[in-house]
Amino acid sequence: MISKTTIDQVYETARLEEVIGDFVQLKKAGSNFKGLSPFSDERTPSFMVSPVKQIWKDFSSGKGGNVVAFLMEHEHFTYPEAIKYLAKKYNIEVEETERTDEQKQEANERESMYLVSEFAQEHFSRMLWESELGKAIGLTYFKERGFTDETIKKFGLGYCLDQWDGFTTAALDKGYKLNYLQKTGLTIVKEDANNPNDPRKFDRFKGRVMFPIHSMSGRVLGFGGRILTNDKKPARSGRGGAAKYLNSPESDIYHKSKVLYGIYYAKQAIAKEDNCYLVEGYTDVIQLYQRGIHNVVSSSGTALTPEQIRLINRLTKNITVLFDGDAAGLRASLRGIDLILEQGMNVKVCTFPEGEDPDSFAKNNELEDITRYLQENSKDFIQFKASLLVEEAANDPIKRADTVRDIVNSISKIPDRIKKEIYIQECAQIMNISEAVLFNTLAQIGKKDITDASKKARQQQKAFDVVKNEQLPEKVDVQYELERKIIELLLLYGNKQEQFEDLVLKENDEGDLILEPESLEAKVYEKIYLDLQDDEIELTNAHFKNIYYKLIEELNHKEDFTINTFIADLDQDMVAEISSILMEEEKYMLHNWESKDIYPKEKQFGVSQLVSETILTLRCYLIKRRMETLQNSTEESTEDNSETLEEIMNYLQLNKLLNKKLNRVLS
């Protein structure tokens with residue numbers, strides 16, 4: 001268990017905007033920050049971070065919370081993992097009591113798989129540096145590639161000994177379960193017919209140098225392994241020798257279509273440079289990083305996927321795809337560019353000289369030369385694609401027509417209409433063809449999409465008509481909204497001293513009931529608590545009720561109440577509820593009006609009025625419900641209802657007085 005002292009220190013030190021900034025590109029929006037949702041596919045930012053309140057809210061998915069909640073949602077950390085991650089980031093020493101065997105067993109399956117993967121990375125690294133074979137084979141290979149000791153250690157590179165079960169045996173000896181070794185793909189298990197209770201176990205990566213694949217937060221998800229022997233013998237399966245590169249299989253923690261190699265090391269540089277270099281292999285990433293180009297990631301030899309592109313999209317809108325000088329694979333790689341365009345991102349392409357790739361070019365050139373080369377040779381995708389395809393088409397009119405259609409097809413993927421038009425104009429100049437023809441081609445390509453969209457729209461309209469005829473609009477839950485407002489007032493202004501106008505019900509000289517105002521100075525939480533107590537009102541929503549009593553207790557005992565310290569002790573469901581309450585208004589807040597000489601009145605200057613109106617409105621609502629209940633009882637009863645009718649009349653009179661105070665007209 002992590003000590004309370006450590007947890008408190010983590011919450012006091014961690015800055016939400018800094019932590020989230022490692023995963024999402026944030027831009028200032030008044031007193032808050034905005035960015036693209038990391039939980040859904042969106043093009044308009046709806047993810048908001050409040051540095052003042054230290055909470056975030058994602059309006060596209062409905063998720064929200066504090067810094068720990070973000071890590072638990074985004075990285076699937078457990079609570080202790082999130083605390084440890086923050087402690088490491090802010091150099092806070094973690095005080096922790098020894099976990100019992102029972103507590104270890106309670107760790108969930110995903111955590112067990114992470115632990116196995118992290119042990120594997122440490123083991124392979126140790127074999128590389130400490131074993132004779134590791135140094136002779138693995139370390140020699142990395143040194144020949146030009147990697148320094150510092151780089152090898154930074155990327156956690158390693159070596160799996162060329163033994164059938166060397167790693168598996170070491171892991172089992174350390175107490176790691178075979179079940180998780182198999183699920184992570186580190187160990188291959190085959191049933192032995194002669195000995196069913198003792199299956200045969202093999203290391204998947206035997207005899208390979210190892211490249212750990214990290215999540216955006218730095219957790220080991222899986223591995224890429226490169227074989228170093230020149231084994232030409234056919235495999236027993238008859239499908240040829242061992243693959244040069246081998247990746248971990250899909251698992252609960254590793255989905256290759258959603259991972260980019262090097263993203264953990266590159267994320268801050270990508271956001272800072274507002275550009276991401278995309279390469280093909282592990283060594284391309286490492287070599288460029290070693291030279292000083294840090295904003296570089298790789299799709300790890302697999303075809304680029306929308307999920308991988310969205311991972312980059314959280315950090316920047318700009319991607320520069322780096323191709324080697326081998327033109328053979330260029331056409332296939334162009335499909336990835338169309339995917340990037342579909343996500344509304346800006347794409348540039350840079351090719352290296354014949355016979356060079358990002359790895360060799362970075363190895364043979366200094367940082368200044370590499371930077372200059374990338375700047376001078378990065379072409380807009382349309383220029384690059386046109387020049388490449390035009391060269392292929394040569395003087396063949398049919399091929400040239402196909403080339404034009406291919407380029408216009410790429411332009412059709414772009415969601416922004418202005419960008420589309422600009423690219424069409426540029427394409428017309430490059431291809432020496434009229435804009436009208438290109439726009440016509442674009443329209444033909446989009447015709448099917450438009451037809452499909454129209455069909456879908458008609459279907460939706462029919463569905464809407466059915467709903468319109470059958471369903472009434474959902475009613476607003478007045479009590480829910482008022483209780484929510486009470487929690488918001490307590491959170492924002494609970495300790496604020498205010499001058500209130502209290503209302504006392506009295507009879508005047510004519511015997512009529514009147515509300516006589518009395519001045520009262522109190523803290524907001526005291527006023528709310530006393531008013532609800534006097535009227536014997538209890539919050540009906542279970543979440544709000546729980547938060548309400550915790551808030552009252554905290555405000556009553558702590559003069560230095562802050563939202564950040566308060567939510568540190570709550571469970572994550574409550575934290576999410578609180579962030580939702582506090583951030584809802586931020587979504588519609590108007591910023592920077594002062595620059596236009598407009599000075600709107602800030603809410604905190606009318607707190608006493610807001611508190612009084614909220615409590616009065618809740619009273620009116622509950623009185624109305626009470627009258628409805630009494631009225632229903634008179635209609636159902638056959639007995640004398642004179643007392644009930646008198647009670648209804650008293651409530652009517654009180655309701656009239658309260659609404660008059662609220663400046664509301666009753667029908």
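Residues being over 35 Å from the mean Cα position of the chain (by Cα) and in a loop (DSSP other than H, G, I, E, B) are represented in the range 204-220 by at least one member.
Rundown of residues vs (1) without any contact (Cβ under 8 Å) to a residue 60 or more places away in the chain; (2) touching a helix residue (DSSP H, G or I) at 6+ places or on another chain (Cβ under 7 Å), yes/no style:
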{"site": "ASN313", "(1), (2)": "no, no"}
{"site": "GLY336", "(1), (2)": "yes, no"}
{"site": "ASN346", "(1), (2)": "yes, no"}
{"site": "ASN364", "(1), (2)": "yes, no"}
{"site": "GLN375", "(1), (2)": "yes, no"}
{"site": "ILE382", "(1), (2)": "yes, yes"}
{"site": "LEU389", "(1), (2)": "yes, yes"}
{"site": "ILE418", "(1), (2)": "yes, no"}
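Does any residue of the range 551-558 turn out to be closer than 23 Å to ASP502 by Cα and polar (S, T, N, Q)? So far as the range 551-558 goes, yes, one or more of its residues are closer than 23 Å to ASP502 by Cα and polar (S, T, N, Q). Only one of the listed residues (GLU122, GLU132) is at pLDDT 95 or above, over 31 Å from the mean Cα position of the chain (by Cα) and surrounded by fewer than 16 Cβ atoms within 10 Å (Cβ to Cβ). That residue is GLU132. Taking (1) closer than 16 Å to ARG226 by Cα; (2) touching a Pro at 6+ places or on another chain (Cβ under 6 Å) in turn, GLU280 satisfies each apart from (2).
Scanning the range 270-305 for residues that are of a type in the set (Phe, Trp, Tyr) and assigned to a helix (DSSP H, G or I) turns up TYR282, TYR289. Counting only helices (runs of 4 or more DSSP H) that fall entirely inside the range 106-193 and contain at least 3 residues that are in contact (Cβ under 8 Å) with a residue 60 or more places away in the chain and closer than 28 Å to HIS255 by Cβ, the qualifying elements are 109-130, 178-183.
Of the residues making up the range 346-370, just one is surrounded by fewer than 19 Cβ atoms within 10 Å (Cβ to Cβ) and closer than 20 Å to PRO415 by Cβ, namely ASN346.
Of LYS34, LYS27, LYS53, LYS57, all but one fail to be in contact (Cβ under 8 Å) with a residue 12 or more places away in the chain, farther than 29 Å from SER112 by Cβ and surrounded by fewer than 16 Cβ atoms within 10 Å (Cβ to Cβ); the exception is LYS27. Residues that are over 35 Å from the mean Cα position of the chain (by Cα), at pLDDT below 85, of a type in the set (A, V, I, L, M, F, W, C) and assigned to a loop (DSSP other than H, G, I, E, B): does the range 389-405 have at least one? So far as the range 389-405 goes, yes, one or more of its residues are over 35 Å from the mean Cα position of the chain (by Cα), at pLDDT below 85, of a type in the set (A, V, I, L, M, F, W, C) and assigned to a loop (DSSP other than H, G, I, E, B).
The values are calculated or read from the model by the stated rules, or taken from the named source; none is laboratory data. Owing to the predicted nature of the structure, the values given are computational and were not obtained by experimental measurement. Reconstructed Cβ throughout: ideal geometry from the backbone, glycine too, with neighbour counts over all protein chains shown.
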